[in-house]
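Accompanying notes for the structure given below.
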Amino acid sequence: MLHNGGDMNNTDQVRRKFLYGMLGTLAAPGLGIPAFAESGLRMRTEWQQFKLGPQYNAFLNAMTALRKNTKASSAGSLKYWTNVHINYCPHGTPYFLSWHRGYLYHFERQLRTLSGDPSLNLPYWDYYSHPTIPAEFTDPAPSNPLYLARTGSDVYNALSLWPFAPEVFNFERGTANGFEERIETIPHNPVHDLIGGIMSTMQSPLDPIFFLHHANIDRLTHAWALPDGKGIPYSANPYSSTNSSAYWAGENVYASKLKLARYLTLDPNWLGYDYANVTVPGALPSQASGTARAATRRQQTTRRPPDKPFERTPGRTISTTRRSLGGAARLGFDEASFSIPLTFGRKDALELAALVARLRAGRPRDDARAPASAKLVIDRPTLSGAGSAGGYFYALYLDMPPALDSRFADHPTFLGTMGAFQVASASHHGPARQEFDLAAVMLGHDSDDFSRLSLSWVRVDGDRPPRGQTISVAEARVELSYEAEPAETPRMQGRPGWYA
């Protein structure tokens, strides 16, 4: 029942007509719903199509105005939208997708104001079809408002089909195979990493390509949710803020006087727009596509990197709900990939085994003394000068096999990614800390012996990667968490009409 900008089946057309009718009725003062239904949905198009259309010059004019305005207090400047991102954006936490959907909605309205074109829509960059930054953004002509010096231009190595795997049903971060967490892990974060420059920092909205990147993430989210929302929390009356699921309560904040009711971000149609292509990618682009050097393309076979000497840290109590089983101190990262083996005592190994056995059986935690989850904690990562420029990231595995014949994120031992943008986003409100869910990967282990776990970091490069040290980590440790687990999102089927 997915549609791709062409023909839609009758059921989908009925849903959309119902949506327009409901929103046309509800688009009234005080209800907080945009009054767009009378003219239908606006359509966001892919850059290669957009640049040939009538809105292209209006977009250039708006970006020129945004870059010329240097007043951070003015919504007509990129500095204003950058400060919104720095001060309010949630990264690595719930509502990452919801917040950015509203962010683009407000920014798009500003584009129309600045351009004088009320029909202007924000374009998106589909890097699953075109993995190299569009040429219009890399032309250094002084009059080009889209140009900014960047570390790299090829994001092929940031792409993965992992967020769209068949087992990904739940939406919320913290649930099993949660879509929000997966798509932020890859491709979102690594696209920031490989482009580098200002894109590898929390000031990334200063780069115009940021908005096309996030429009694509928003498009992919919408495509994944179609046709019925999958495991997105259900609302008995999705057009009422008071009757929506508790997940959608409250509002997303962008500035003291710039907010958006959170439930409106459930579906982009509710904000008045759609995408020309709403199909999830079924394959990666050809390795021959793009203009970057073929040498940057990742090999099909990835070998487990050798073990690296490290300083062991002891197990200890971290907090009333966290206990460390031990880890490694003062890890340095550069262009070399490496592994570290961690060993645990009998008591710790049995506790890990009991956790995995409970999760495999689908049993609830009925003993507060039993761990709720196991985490890998990357504590206080910091960037070197070369590392902060981006152009690289590290793919992280738990008990990686000797060789992988598939792309890294598609393998069941994959834990996540670490790069300049992840460190920057984790540290902009205090000491940086990244967490990865070990238990989800441990479920796939063939053995119940968890007395030894191996962590592997595989360096992944863009077309202009840095040399030398990039990241230093104070400690990487395995923790048991005794905090209550988030409620699992139920499977919701047979509820047509609520997600158009």
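Structure values in brief
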read-out	value
Cα point-scatterer Debye curve for the range 298-481, base-10 log of I(q)/I(0) at q = 0.09, 0.18 Å⁻¹	-0.32, -1.25
Electrostatic dipole magnitude of the range 298-481 [Cβ: Lys, Arg +1; Asp, Glu -1; Cα centre; debye, to 20]	340 debye
Sequence-separation-based contact order of the range 151-205, relative, with Cα cut under 8 Å and 6+ spacing, percent	39 percent
The range 323-403: trypsin sites (Lys or Arg not before Pro) in DSSP loop, at most 10 other beta carbons within 10 Å	Arg369
Positive dipole terminus of the range 298-481, leading residue within Pro431, Thr302, Ser388 (C-beta point charges)	Pro431
Contact order normalised by residue count of the range 298-481, Cα under 8 Å, 6+ apart, percent	41 percent
Distance (nanometres) between label positions extended 7 Å along Cα→Cβ at Lys257 and Ala72	2.0 nm
Where trypsin sites (Lys or Arg not before Pro) fall in DSSP loop in the range 387-473, at most 12 other Cβ within 10 Å	Arg467
Inter-site label distance for Phe164 and Glu311 at 7 Å from Cα along Cβ, in nm	4.5 nm
Members of Lys51/Lys257; Lys308/Lys375; Lys79/Lys259; Lys71/Lys257; Lys79/Lys230 lying beyond 25 Å, as alpha-carbon distances in this model show	Lys51/Lys257; Lys79/Lys230
The range 103-157 versus the range 257-289: alpha-carbon centroid distance in Å	16 Å
Space enclosed by the convex hull of the alpha-carbon atoms of the range 150-240, per residue, Å³	121 Å³
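Values quoted throughout were computed directly from the atomic coordinates according to the rules given, and no laboratory measurement underlies them. Just so it is clear, the structure is predicted and the values come from calculations on it, not from any experiment. Every residue, glycine among them, receives a Cβ derived from its backbone with ideal geometry; neighbour counts consider all protein chains shown.
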